[in-house]
1. So how far, in whole Å, is the C-alpha centre of the range 1-28 from the one of the range 84-102?
2. Nothing charged except the Cβ atoms of Lys and Arg (+1) and of Asp and Glu (-1): what's the magnitude of the dipole of the chain about its Cα centre? Round to the nearest 20 debye.
3. Quick one: accessible surface of Leu92, probe radius 1.4 Å, all protein chains present, in square angstrom to the nearest 10.
4. Identify, among Gly60, Tyr73, Thr47, the residue whose Cα sits farthest towards the positive end of the charge dipole of the chain, taking +1 on the Cβ of Lys and Arg and -1 on the Cβ of Asp and Glu, with the dipole about the Cα centre.
5. Any idea what the dipole of the range 15-64 comes to, in debye rounded to 20, about its Cα centre with Lys/Arg Cβ at +1 and Asp/Glu Cβ at -1?
6. 7 Å from Cα along Cα→Cβ at both Glu49 and Arg26: what's the point-to-point distance in nm?
7. Name the GluC sites (Glu not before Pro) in the range 39-102 that are in a loop by DSSP and that have at most 13 other C-beta atoms within 10 Å, would you?
8. Using Cα positions and a limit of under 28 Å, work out the lysines in reach of Lys76, with same-chain residues fewer than 8 apart set aside.
Amino acid sequence: MHRAASSFAEPDEHTSKPVINRWFRRKDGVPFFFAGVWREWTGDHGTIEKPDQGKHRLYGFLATDANADVTPYHSKATPVILMTPADVEQWLTGTIDQALEL
């Protein structure tokens, strides 16, 4: 199942207490997808009051260098965004090298 996003936020590194999140979306308003991976992890995924020790399936968003739109607020990184149906297809069915091109 694929779920699209319409925006994402990054914390503005020039603010503190409270940190202000800056929101980003496509100018054309078209939804997009985040590149990420599912992986299994064993450990405690619960709270102190309600620990949940065991195997868990986690989703991790991939990040890359911040682009020109994000850098003024958050210079460290930005999520890898799949902008077109072709990008999504390449990410899901391509080779590792083709996925890394994204």
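The values are calculated or read from the model by the stated rules, or taken from the named source; none is laboratory data. If you're wondering where the values come from, they're calculated on a predicted model, not measured in any experiment. FYI the Cβ positions are ideal-geometry reconstructions off the backbone, even for glycines, and counts take in every protein chain you see. In case anyone asks, the SASA skips ligands and DNA or RNA and just uses the protein heavy atoms, side chains included. Shrake-Rupley method; radii C 1.70, N 1.55, O 1.52, S 1.80 Å.
1. So the two Cα centres are separated by 24 Å.
2. On the way: 11 positive and 14 negative charges, 65 e Å.
Value, rounded to 20: 320 debye.
3. Counting only protein heavy atoms, the figure is 100 Å².
4. Of the candidates, Thr47 comes out farthest on the positive side.
5. Numbers: 9 positive and 5 negative charges, 71 e Å.
Here the range 15-64 has a charge dipole of around 340 debye.
6. Roughly 4.2 nm, to one decimal.
7. Numbers: sites: Glu40, Glu49, Glu89, Glu101; in loops: Glu49.
Sites meeting the loop and neighbour criteria: Glu49.
8. Of all the lysines, those that pass the test against Lys76 - Cα under 28 Å, at least 8 places apart if same chain - are Lys17, Lys27.
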